[in-house]
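Below: the structure, in C-alpha cells.
Just so you know, all these numbers are worked out from the coordinates, no wet-lab data involved. Just so it is clear, the model here is predicted, and its values are computed rather than measured. No Cβ is skipped: glycine too gets one built from the backbone with ideal geometry, and neighbour counts run over all protein chains shown.
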Amino acid sequence: MFDINNILRENIKRLVPYSSARDEYQGEASVFLDANENAFGSPLDQQFNRYPDPLQYDLKKRITEIKGVPPRNIFIGNGSDEAIDILFRSFCNPGVDNVILVPPTYGMYEVSANINDIEARKVNLTEDYQLNLEGIAEAIDKNTKLIFICSPNNPTGNSINRDDIQTLLANFKGIVVVDEAYINFSRQKSFIQELTECANLVVMQTLSKAWGLAGLRVGMAFASEEIIEVMNKVKPPYNVNESSQQLALAALANVGQVNEWIKETLAQRDRLVLQLKEFDFVVDIYPSDANFILVKTTNANGIYDYLVKQGIIVRNRSKVELCEGCLRITVGTPEENTILLEALQNFK
Ligand SMILES: Cc1ncc(COP(=O)(O)O)c(C=O)c1O
C-alpha cells in the first residue's frame with residue numbers, strides 16, 4: 001500500500017509554508033494595504049500591480065470543466081518543468097534517494113535530478129521503445145522515490161504500453177509520474193481516469209504543446225489531494241504570474257480551435273511520414289503518437305547541418321543512446337512542411 005508519509009522528506013513534513021498576504025485575506029475588500037504593492041497601478045494599459053492568485057483558482061475551475069478533475073487534485077506550475085522540480089524537492093532527499101528514468105526520454109528529469117543531487121538510475125527502454133519491467137524492478141531499492149514515464153515519449157514519439165504502467169503503479173511503493181505532455185496527439189487514453197484508483201500516480205500535462213501556449217509557461221500535475229497539498233506547500237507562492245493566468249484562462253475557451261489544429265497536425269504528420277519514406281537517406285520512421293516524428297537516417301549530422309544552412313532547424317538526436325542516426329522533426333504548418341520536404345529533395 002502506498003503511504004505518502006513513507007516517502008515524504010522529513011523537512012517537508014515539518015515545513016510551515018510561506019503565508020502570503022493573499023493567503024491571509026481572500027475576501028472582497030476595497031482597500032488593499034497588505035502586500036506592499038504599488039497602489040497607483042502599472043505603467044501599462046493593463047494593470048498588474050496586484051499579486052496573482054497563489055492557487056490559480058479561476059484557471060483550475062476551467063481546467064476542471066475540461067478534464068473532469070476537481071481543483072483539489074490539480075497543481076499548476078510555471079510549466080510542467082516546475083512540477084518535475086517540485087516532485088524532487090518534496091520527495092527526494094539530496095545525496096540519499098534515487099529515481100528511475102527510462103531513456104531515451106525527456107531530458108529535464110535527469111537535469112532536475114542532478115540539480116537536486118538525486119541519483120538518476122537509468123533503465124533503458126527496450127529496442128521497441130517500451131519499458132524493461134524486469135530491469136526497473138531490479139533497479140528499485142528502498143530509497144527509490146519516483147519513476148518517470150513519458151507517454152507519448154519524447155523523443156521516440158510512441159506511447160508506452162498501458163498495462164506496463166499499471167504494473168508499476170500496482171507494485172511500486174513510491175510515485176509513478178506519467179508525463180502526458182503530448183497526450184492530445186495520441187490515440188491512447190489519458191491516465192487521468194486512473195487517479196481515483198491509484199494513490200501513487202501523478203499525471204503531468206501542459207499548455208505548451210497542443211494548446212500553443214509554450215511562452216506562457218503553464219503546466220499541470222494531477223494527483224491525489226495529499227500529493228497536491230504537498231506540491232502547493234513547496235512551490236513558490238506566486239509561481240504562475242497574473243498575465244499567464246489570465247491569458248491561459250482566455251485560451252481555454254477556445255477548445256474548438258485547438259481541436260482543429262490537432263486534426264491538422266495529425267494529417268500533416270501522416271503526410272510527412274509518407275513523403276519522408278521516399279528519401280533514400282531515410283532508414284526508418286518510428287510510429288508517432290505525438291506532434292513530432294523520430295526519423296532514422298543514414299547521415300543525421302549531414303542532414304542536420306544542411307537543413308540549418310537552409311534556415312530549417314530540426315532536433316539532432318543522433319548522439320542519444322537507442323536513437324543513433326535519428327533526427328526528431330516537429331510537425332509544422334503545411335507550408336513549413338513543404339519547405340522542409342523541398343529542401344530535403346535537394347540534399348545530396
Ligand atoms: C515530455 C515533456 N514534458 C514536459 C515538457 C515541458 O513542458 P512545459 O513547457 O510545460 O515545461 C516537455 C517539453 O518539451 C516535454 O517534451
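Under the criterion of Cα pairs below 8 Å and six or more residues apart, the relative contact order for the chain equals 17 percent. By the Cβ rule of 4.7 Å, the chain holds the following cysteines without a possible disulfide partner: 92, 150, 198.
Kindly list the residues of region 44-80 that lie in the label zone of residue 243, defined by a backbone N under 13 Å from the point 7 Å along the Cα-to-C-beta vector. Output list for this probe position: 44-49.
Report the extension gain between residue 284 and residue 309 in nm, rounded to one decimal, defined as 0.36 nm multiplied by the number of residues separating them, less their alpha carbon distance. Working shown, then result.
Numbers: separation 25, 0.36 × 25 = 9.00 nm, distance 2.40 nm.
Here the answer is 6.6 nm.
For the chain, the longest principal axis of the C-alpha atoms and the axis of helix 300-309 are separated by about 80°. Here region 171-263 carries DSSP beta bridges of which approximately 50% are antiparallel, counting only pairs with both residues inside. Entry note, region 165-301: relative contact order of 20 percent, from Cα contacts under 8 Å with a spacing of 6+ residues. Two numbers describe the Cα atoms of region 166-266: Rg and Dmax, which are 15.2, 42 Å.
Which three semi-axes in whole Å describe the equivalent ellipsoid of the chain, each the square root of 5 times a Cα gyration tensor eigenvalue, listed largest first? Display every interim value, and only then the final one.
Details: eigenvalues 265, 152, 61 Å².
Output for the chain: semi-axes of 36, 28, 17 Å.
Dividing the helix sum by the residues of the chain, where each DSSP H run of 4 or more adds -39500 (n - 2.57), gives a mean residue ellipticity at 222 nm of -10500 deg cm²/dmol.
Treating each Cα of region 115-164 as an identical point scatterer and summing with the Debye formula, the log10 of I(q)/I(0) at q = 0.17, 0.29, 0.31 Å⁻¹ comes to -0.58, -1.25, -1.31.
Computed from the C-beta positions of residue 34 and residue 61 and an R0 of 25 Å, the FRET efficiency is 0.50 to the nearest 0.05. Extension gain, residue 226 to residue 122, is 34.6 nm, computed as 0.36 nm per intervening residue step minus the present C-alpha separation.
Give, to the nearest whole percent, the P(r) tail of region 219-327 beyond 20 angstrom, counting all Cα pairs. Please report the intermediate quantities before stating the final value.
Working: 3652 of 5886 pairs.
I get 62 percent for the Cα pairs in region 219-327 exceeding 20 Å.
Work out, in µm²/s and without decimals, the Stokes-Einstein translational diffusion coefficient of region 1-156 at 25 °C, 0.890 mPa s, Rh from Kirkwood over C-alpha pairs. If you can, show how the numbers build up before the last one.
Working: Rh = 19.0 Å.
The Stokes-Einstein estimate is 129 µm²/s.
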